[in-house]
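Peer 1: Mind having a look at this structure? Questions to follow.
The values are calculated or read from the model by the stated rules, or taken from the named source; none is laboratory data. Fair warning: this is a prediction, and the values are worked out from it, not measured in the lab. Methodologically, a virtual Cβ is constructed for each residue, glycine included, from the backbone with ideal geometry; neighbour enumeration extends over all protein chains shown.
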Amino acid sequence: MEKDSFVDCERKRLYKVINFRLPSQFVGIGLVICVLTTAIMFFRAFAMDGGDTEWLKLLLQKTLLVGMLIMSVSKDKIEDEMTMSLRAQSYAIAFIVGVIYALVMPYVEYGVSNVVHSGGEAFKSLGDFQVLLFMLMIQLMFYHFLKRNR
Amino acid sequence: MENTIKVERAILSLTQGDLAEKIGVSRQTINSIEANRYVPSTVLALKLSAIFGKPVNQFFKLSDSD
């Protein structure tokens, strides 16, 4: 294979990955997954007593993230260059806000915990679920906000 | 960037929805372009040019801030 055609092939593959979007019906599927998962999370937290359900908590966290990711990568009913641009903007905003959140939030939690009751919680970093959930929420929120105000 | 798409659309008696359908975008995108909130790509500009039967620079003009 010539060098140019090899580079072209690599570029085509890269753009195929970059432009990957699920069909618009997947928004509904993602939403259903998120709603069901959240409902089960509440049920597990308040109604299920006894037994070790930590595995269920972890499973539900992952399922919620998958549901939100499906919503995030699904196409709009009418997908055009403007919606693609708005989506790219929302990802950029979510990334920046997510990094700030991950840097600042542990100190806020630590501060608040120590103000509310003296000798509160020890300083701890955020978990991956909390950061990813926050970033996906910001992305979806900003995308719909930008779309409404376009 | 300024444009006269609204005028061109009125000449052809097209609604925003009609024009959007012809070039394969949403009505809101046409609305944003007309309001100068969104600058379309070259592909979209050329599609508009084909619909209006005029060169792109007749309905898109650079503004002083560009």
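Peer 1: Restrict the check to region A:77-98 and report whether at least one residue is without any contact (Cβ under 8 Å) to a residue 24 or more places away in the chain and more than 14 Å from every other protein chain (Cβ to nearest Cβ).
Peer 2: Checked region A:77-98: at least one residue is without any contact (Cβ under 8 Å) to a residue 24 or more places away in the chain and more than 14 Å from every other protein chain (Cβ to nearest Cβ).
Peer 1: Also: Considering only region B:1-29, state which residues are under 22 Å from B:Ser65 (Cα atoms) and not hydroxyl-bearing (Ser, Thr, Tyr).
Peer 2: Across region B:1-29, the qualifying residues are B:Met1, B:Glu2, B:Asn3, B:Ile5, B:Lys6.
Peer 1: Any residue in region A:99-119 that is closer than 30 Å to B:Ser32 by Cα, in a helix (DSSP H, G or I) and at pLDDT 90 or above? Step through it out loud before you land on a result.
Peer 2: Quick first cut of region A:99-119, residues closer than 30 Å to B:Ser32 by Cα only: none.
Within region A:99-119, not a single residue is closer than 30 Å to B:Ser32 by Cα, in a helix (DSSP H, G or I) and at pLDDT 90 or above.
Peer 1: May I ask you to list the residues in region A:71-98 that are part of a loop (DSSP other than H, G, I, E, B) and under 13 Å from the mean Cα position of the chain (by Cα)?
Peer 2: A:Val73, the sole residue that qualifies.
Peer 1: Among the numbered criteria (1) assigned to a helix (DSSP H, G or I); (2) within 14 Å of chain A (Cβ to nearest Cβ), which one does B:Lys6 miss?
Peer 2: Just one mismatch for B:Lys6, condition (2).
Peer 1: Limited to region B:24-52, what total is found for residues that are among the aliphatic types (A, V, I, L, M), more than 9 Å from chain A (Cβ to nearest Cβ) and either in a helix (DSSP H, G or I) or within 12 Å of A:Met82 (Cα to Cα) (or both)?
Peer 2: Qualifying residue count, region B:24-52: 7.
Peer 1: Right, another one. Pairs under 6 Å by beta carbon, first residue within 14 Å of chain B (Cβ to nearest Cβ) and assigned to a helix (DSSP H, G or I) in region A:137-150, partner surrounded by 15 or more Cβ atoms within 10 Å (Cβ to Cβ) and of a type in the set (D, E, K, R), six or more apart or different chains?
Peer 2: Between residues of region A:137-150 that are within 14 Å of chain B (Cβ to nearest Cβ) and assigned to a helix (DSSP H, G or I) and residues that are surrounded by 15 or more Cβ atoms within 10 Å (Cβ to Cβ) and of a type in the set (D, E, K, R), the close pairs are A:Tyr143/A:Arg87.
Peer 1: For region B:32-51, how many residues meet the condition of being more than 9 Å from the chain's Cα centre (by Cα) and free of Cβ contacts under 8 Å to residues at least 24 places away in the same chain?
Peer 2: Here the count works out to 9.
Peer 1: Which of the residues that make up region A:1-56 are farther than 24 Å from A:Leu133 by Cβ and in a loop (DSSP other than H, G, I, E, B)?
Peer 2: Of everything in region A:1-56, those that are farther than 24 Å from A:Leu133 by Cβ and in a loop (DSSP other than H, G, I, E, B) turn out to be A:Met1, A:Glu2, A:Asn19, A:Pro23, A:Asp49, A:Gly50, A:Gly51.
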